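Take a look at the structure below.
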Amino acid sequence: MAAVTPGASSRTDWSRGEIAALFDLPFMDLLWRAQGVHRAHHAANEVQLSTLLSIKTGGCPEDCGYCSQSASADSGLPASKLMDVEAVVAAARAAADGGSDRFCMGAAWRSPKDRDMDALCDMVGQVKGFGLETCMTLGMLTGDQARRLKAAGLDYYNHNLDTSPEHYAEVVTTRTYADRLDTLAEVRAAGISVCCGGIMGMGETRADRVGFVHALATLPRHPESVPINALVPIAGTVLGDMLRDVPARIDDVEFVRTVAAARITMPRAIVRLSAGRESMSVATQALCFLAGANSIFTGDRLLTTGNAGDNADAALFEALGLKPMHSEEPARVAAE
Ligand code: SAM
Ligand code: DTB
Ligand code: SF4
């Protein structure tokens with residue numbers, strides 16, 4: 001593991017102009033710089049492995065334009081209730097047996113109900129028992145809910161800003177950027193590590209991608225995990241339908257530039273190459289790793305859509321000489 005400079009703290013005063021200048025660099029210069037930052041803070045060829053499970057699927061009252069699980073989407077996805085604790089624990093055991101480090105449980109809620117908290121805390125406690133790191137993404141949290149999850153042993157909370165503040169209202173109207181920032185602050189205050197990123201390819205401009213990276217890199221403290229998703233266009237969702245007749249997939253080079261900008265501005269974060277890998281070539285994924293991505297979701301399923309799958313990932317790791325990271329993030333966070 002590459003050493004982290006003791007006492008060094010990451011800059012949180014990036015300007016939009018500085019980040020725009022990173023995006024504007026010649027591609028090779030940008031990758032060279034990103035790889036240098038990466039090697040100064042992380043092991044060069046190690047990739048962290050996370051596994052997702054949708055513990056409560058569909059019927060969500062929010063109107064996120066990308067999401068199959070919104071009740072306002074016409075994606076044909078039936079709504080289900082919160083899974084039983086035993087079924088979640090069985091899936092976590094399988095993830096641990098498969099070599100995953102972190103188990104991320106996602107629920108299609110605007111926010112959890114207080115009556116669900118006991119079951120959620122039970123899940124966290126039991127999943128930790130397999131030696132897995134725990135992550136949840138449940139929508140907005142109150143401070144009290146965040147503290148309860150922390151007490152149960154929750155390591156990470158995923159809550160994405162998704163795009164720039166300016167573009168946000170084009171994507172979701174049932175909540176605001178400020179709502180997202182409020183939950184992120186509650187998660188931080190509770191002492192849970194933050195996982196926060198976004199989706200590229202939602203019709204945003206370069207300036208929006210700059211604004212998105214700026215929003216993350218100027219949080220009071222950088223997220224420990226930054227998932228960068230490429231939009232998975234899903235029929236029946238606002239964005240899936242709107243982008244059907246245009247080149248929906250974000251340009252590969254622009255996607256890699258976004259990963260590199262995240263790496264350079266948030267040097268200690270684990271940057272996750274998240275949704276969208278299934279339709280990405282090995283070469284593009286390799287460029288993302290070169291640009292500083294060092295985490296993926298494993299398995300053949302994300303929440304409701306397909307993922308590259310273990311066989312494809314074994315071949316990817318073999319081809320690129322990558323090996324799984326056994327995460328030391330909590331120790332590093334504590335040492336800061
Ligand atoms: N309901 C919770 C929330 O929104 O915070 C958690 C679940 S939500 C599905 C988690 C994240 O998945 C979203 O914030 C979004 O960034 C990502 N996501 C959802 N649908 C996606 C899609 N079609 N393509 C890419 N990323 C997607
Ligand atoms: C994140 O940024 N990506 C993951 C995780 N956080 C929860 C979710 C991706 C979902 C992709 C679409 C789906 O499978 O429904
Ligand atoms: Fe609901 Fe989350 Fe999907 Fe938005 S992204 S509709 S909040 S499940």
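The values are calculated or read from the model by the stated rules, or taken from the named source; none is laboratory data. These numbers were taken from a predicted model, which means no experiment stands behind them. Here the Cβ positions follow ideal geometry from the backbone for every residue, glycine too, while neighbour counts run over all protein chains shown. Only protein heavy atoms, including side chains, enter the accessible area calculation; ligands, DNA and RNA are left aside. Shrake-Rupley method; radii C 1.70, N 1.55, O 1.52, S 1.80 Å.
Structure notes:
- When +1 charges are put on Lys and Arg Cβ atoms and -1 charges on Asp and Glu Cβ atoms, the dipole computed for region 1-142 relative to its Cα centre reaches about 140 debye.
- For region 106-116, Karplus couplings with θ = phi - 60° (6.51, -1.76, 1.60), whole Hz, Gly/Pro x: x, 10, 7, 10, 6, 6, x, 7, 4, 5, 8
- Using θ = phi - 60° and Karplus 6.51 cos²θ - 1.76 cosθ + 1.60, couplings along region 264-272 (whole Hz; Gly, Pro as x): 5, 7, 10, x, 8, 5, 7, 9, 9
- Accessible surface of E318 - all protein chains present, 1.4 Å probe, nearest 10 Å²: 150 Å²
- Counting only DSSP beta bridges with both residues in region 45-335, the antiparallel share comes to about 5 percent.
- Relative to the current alpha-carbon distance between M117 and R206, full extension at 0.36 nm per residue lengthens the span by 28.1 nm.
- Spin-label pair D252/S279, simplified geometry with 7 Å Cα→Cβ offset, distance in nm: 1.4 nm
- Note on surface exposure: M280, M83 rank M83, M280 by accessible area, highest first, 1.4 Å probe.
- The HN-Hα couplings worked out from phi for region 134-146 by the Karplus form 6.51 cos²θ - 1.76 cosθ + 1.60 (θ = phi - 60°) are 10, 9, 10, 9, 10, x, 5, 10, 7, x, 5, 5, 4 Hz, whole numbers, x standing for Gly and Pro.
- The 1.4 Å probe gives accessible areas that order E278, E170, E46, E204, largest first, as E170, E278, E46, E204.
- Placing unit charges on the Cβ atoms only, positive for Lys and Arg and negative for Asp and Glu, gives the chain a dipole magnitude near 540 debye about its Cα centre.
- For K323, the lysines whose Cα comes closer than 24 Å to its Cα, not counting residues fewer than 8 places off in the same chain, are K128.
- Sorting the segments 118-126, 23-31 by their residues' average number of neighbouring beta-carbon atoms within 10 angstrom, most packed first, yields 118-126, 23-31.
- Taking a ≥ b ≥ c as the square roots of the Cα gyration tensor eigenvalues, region 19-96 comes out oblate, since a/c reaches at least 1.5 and a/b does not exceed b/c.
- Straight-line cross-link reach from K56 at under 19 Å between alpha-carbon atoms covers these lysines, not counting any fewer than eight positions away in the same chain: K81, K113.
- Comparing mean-square fluctuations of A269, A108, A185 from a GNM of the chain with C-alpha springs under 10 Å, the top value falls on A185.
- In the complete set of protein chains, residue-level accessible area for V282 is approximately 80 Å², probe 1.4 angstrom.
- q = 0.07, 0.08 Å⁻¹: log10 I(q)/I(0) that the Debye formula gives for the chain, counting C-alpha atoms only: -0.25, -0.33
- Residues whose amide H falls under 5 Å from that of I270, counting only those 5 or more places apart or on a different chain, are S225, V226, with hydrogens built in the peptide plane.
- Between D74 and N311, the C-beta separation translates, for a Förster distance of 30 Å, into a calculated FRET efficiency of about 0.35.
- Listed as lacking a disulfide-compatible partner in the chain: C60, C121, C195, C196, C288, by the criterion of no other cysteine Cβ under 4.7 Å.
- Once backbone amide H atoms are built at 1.01 Å from N, M200 has N229, A230, L231 as its partners under 5 Å, excluding neighbours fewer than 5 places away on the same chain.
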